[in-house]
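For reference, the structure is listed below as structure tokens.
The values are calculated or read from the model by the stated rules, or taken from the named source; none is laboratory data. The structure presented is a predicted model; accordingly, all values stated were derived computationally and were not measured. Every residue, glycine among them, receives a Cβ derived from its backbone with ideal geometry; neighbour counts consider all protein chains shown.
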Amino acid sequence: MVDSSVVLAGQTLAYTFYCSVIILLMIWFGVKVTSEGKSTKVSPRVFYSFVVFLAVIGVSLHMVTFNTIPWVSIDVNMKKIVADRTFEITVEDHEFKLPSEKLKCQINEVVKFSVTSNDLTYGFGLFREDNSMVMQMQVVPGHKNDLLWKFSKPGVYTIRSTEYSGPKGAAMIVKDAVEVVETL
Amino acid sequence: MSFVQTLISGEQKLFKPDSLTQMQKITLRFVVIGLIYYGFAVIEGMLMRVYQVEPIAAIPSYQYFAILTAHPLVGIFGSTYSIVFGAFLFLVPFLMKKPIWSIKMANWTCIFIGVGTFVFWSAGFISHYSPLYTLYWPLPADFSQFSAVGGAFFITGIALVMVGTVLFVINIFKTITYTPEGWEKQPSGKLIKSALGIDGFTNMFAKKQKEHLVSLPVAAIARGTVDVALNAGIILFTGVLILVYMVGAILGFDLKETAVDALLYKNWFWWGLDLIADGLVLIFVAGTWYLLATLITGKQLFMQNIARAALLVELVVSWTVWSHHLLSDQAQPAILKIVSGELVTAFELITQGLAFFITLATLWSARPLKMTNPLKFLLGGLLGFALAVPAGIMQADIGLNRILHNTQWIIGPHVHVAILVGLTMTLYSAIYLLFPILTNGAKLYSQKLSNIHFWAHLIGGIGMGAFMGMAGLKGMLRRTIYFDGEFNLYMILAALCGSLLLISFLVFFYNIVMSVGLNGVLGIFTGAKVKNKDLVPAEN
């Protein structure tokens, strides 16, 4: 499975390009609309073409991500997929309770993180050593909070709560809790 | 005139509070209160920006989260609601060419919002009640972390704001439909149909076009007000629910928190909150753009029927998009994530894109225009939404949400750019445009200061959002504290941009105070000499 950092790099590139274009467009518009020139009406044809363009962009974004980001189909079809390994994690009183000190798994196997909250709404996120995020989910009390994930490369990851649960929540960090290896 | 004379009496002594009508005074009060609360929000924001670089020893973490809780609420309710409600209570009668239905009710709206905001802000400041604006169940009723008494005051403050909001809603719809004394009977049913955009929709398919009884900006205000009303209902209901738990705790009863399903509550509450974020903000902003474009150009709006219909579509869309906030909730049904969270949300790209295009096309039809303050701030507002809406559409995607949810990306390029650049610059445009009308021709103290206000706000707002976004893409979360300077490079740059926003606000505030004078500011809060319902003095 493609690493989430690759997806983020693509998004950064696409959004930066879009921002540059729209900022330049607005500068151009500001200059032109105040410069000497004939006032002209915009053709309705241009307007309707713009509407179609927006509709295509809006829908195609989700089609593209569905077909290129691997965890989307895993997420949508979660009930049909059998995990190779499951980690049952409990959260209570602002503390993660792990089944073992280190959660070990291997690359390319389907790992299920099954997190249960016994009191508040929390978050569950995995982070790389440089603090960048691998993935996250919300942990809602009274409900199943399962996330399936396939790691593409070995590494050690930190668990951190990604949702605010009161001031104590900022300290909900378990350093180097997940270790992914080539083979177990 | 000397500096002191100008400070006391305003630029060239042109502003005379005694000449103001009751409606002008009420509107100006709303604006002043809104700007003061905007100042609160900017200072709080700046404190938090510094805290993200290096936690401030004098502010313990529980106080930081109390600030984080109050900040968006003060910004939205205390500032934006005040300015928007004040402007619309003036503009609806102004555009309908009839008196407001109730001046007394407009005054009470101002009082409830001003006092309510102060109550919840001070309750949070003193008691550190900090469940954030999201109030994810059962956090607001977790009395092992928060004081029930402090929380009860906090929720009461929010409830007061909502009462003021309900009064605003009543006043707007009554003003559109009522028949003033001595007037011919007004067709209230037809006026409502026109205001809700039903005529605009049927006109798109009818051979014979029906005449619109209300102007497009009034129609936009009416539709946004529907979302305001629904949102007030949701917040009031939720507030009462939380209050029941608080009163129980104060009286010594421990009501079972599990009686409320956390996911159902989250759906319910986000449905209501999105009526602000995706409903009234986008609809009100589109309506304000249309009004500003027509007033700046003196021309008819481009594609008027489409614009009216798009506002109706936006209203329906705003009722069905809430699930994009729950894309990371694994128990949320997949169908809701795809249909409501992704597909319907993508409609906002279309409706807001249409408003963007229609406004630019209307401005284009009147070129060459002079680069006045209203025009330049309007262009800034348009750019803000052009940057922020696509950022929101990206995070409303199941794949991207998995790696963006609750990061600084959400709150930076999407929320802060939308609110600070998009919404606030649109409001500044309206303030600059309405300033001479509301003050009976007072003169702005300094155009140079207005230019500084514009550039500092634009660069500060976009820059802060951009650096927060970069930190978010690197994994930095919102709603937490980093103690070891993990993202210091981005946070220092974001804080520098934040300080530009603070400077821009101070420059603007100083410019306005010097324009009307301290006596003028005080004069706004005294009773009007003329006790009638005129919007502007008869001789004007």
ask   = Counting only residues that are more than 9 Å from every other protein chain (Cβ to nearest Cβ), under 17 Å from the mean Cα position of the chain (by Cα) and assigned to a loop (DSSP other than H, G, I, E, B), how many does the stretch A:137-172 have?
value = 2
task = Taking only the stretch B:66-98 into account, find how many residues are more than 24 Å from B:THR294 (Cα to Cα) and touching a Lys or Arg at 6+ places or on another chain (Cβ under 8 Å).
result = 1
Single match in B:LYS207, B:LYS185 (criterion: at pLDDT 90 or above and more than 14 Å from chain A (Cβ to nearest Cβ)) = B:LYS185
Condition check for B:HIS416: surrounded by 23 or more Cβ atoms within 10 Å (Cβ to Cβ) and more than 26 Å from B:ARG479 (Cβ to Cβ) = no
Conditions (1) part of a loop (DSSP other than H, G, I, E, B); (2) surrounded by fewer than 23 Cβ atoms within 10 Å (Cβ to Cβ): number failed by B:PHE15 = (2)
query = Within the stretch B:474-485, can one find any residue that is within 14 Å of chain A (Cβ to nearest Cβ) and under 23 Å from the mean Cα position of the chain (by Cα)?
reply = yes
message = Quick check on the stretch A:120-136: of everything there that is within 7 Å of chain B (Cβ to nearest Cβ) and surrounded by 24 or more Cβ atoms within 10 Å (Cβ to Cβ), which residue is farthest from B:PRO140 (Cα to Cα)?
response = A:MET133
key: Residue check for A:THR68: within 29 Å of B:ALA361 (Cβ to Cβ) and more than 7 Å from every other protein chain (Cβ to nearest Cβ)   = no
task = Name every residue in the stretch A:137-157 that is surrounded by fewer than 20 Cβ atoms within 10 Å (Cβ to Cβ) and farther than 23 Å from B:GLY399 by Cβ, in order of residue number.
result = A:GLY142, A:PRO154, A:VAL156
task = Report, ordered by the first and then the second residue, all pairs with beta carbons closer than 7 Å, sequence separation of six or more or different chains, a first member in the stretch B:519-540 that is in contact (Cβ under 8 Å) with a residue 12 or more places away in the chain, and a second member that is aromatic (Phe, Trp, Tyr).
result = B:GLY520/B:PHE15; B:LEU535/B:PHE90; B:LEU535/B:PHE94
remark   = Note on B:TRP409: of the conditions (1) more than 10 Å from every other protein chain (Cβ to nearest Cβ); (2) buried (at least 22 other Cβ atoms within 10 Å of the Cβ); (3) more than 27 Å from A:SER35 (Cα to Cα), unmet is (1)
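Condition check ((1) buried (at least 20 other Cβ atoms within 10 Å of the Cβ); (2) out of contact with any Pro (no Cβ under 8 Å at 6 or more places or on another chain); (3) at pLDDT 95 or above; (4) assigned by TED's automatic domain parsing to the domain that holds B:PHE153) across all residues:
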site: B:ILE235; (1), (2), (3), (4): yes, yes, no, yes
site: B:GLU257; (1), (2), (3), (4): no, no, no, yes
site: B:ASP261; (1), (2), (3), (4): no, yes, yes, yes
site: B:PHE269; (1), (2), (3), (4): yes, yes, no, yes
site: B:ASP274; (1), (2), (3), (4): yes, yes, no, yes
site: B:GLY279; (1), (2), (3), (4): yes, yes, no, yes
request  = Determine whether the stretch B:513-536 contains at least one residue that is at pLDDT 95 or above, away from every other protein chain (no Cβ under 14 Å) and on the phi > 0 side of the Ramachandran plot.
outcome  = yes
task = Give the residue, chosen from B:THR175, B:THR179, B:THR156, that is in a helix (DSSP H, G or I) and either farther than 21 Å from B:ALA229 by Cα or in contact with a Gly (Cβ under 9 Å, 6 or more places away or on another chain) (or both).
result = B:THR156
ask   = Residue check, B:ARG367 against (1) of a type outside the set (A, V, I, L, M); (2) at pLDDT below 95; (3) surrounded by fewer than 24 Cβ atoms within 10 Å (Cβ to Cβ); (4) closer than 18 Å to A:CYS19 by Cα, all met but one. Which one?
value = (4)
note = All conditions in (1) more than 14 Å from chain A (Cβ to nearest Cβ); (2) in a loop (DSSP other than H, G, I, E, B) are true of B:ALA222 except (2)
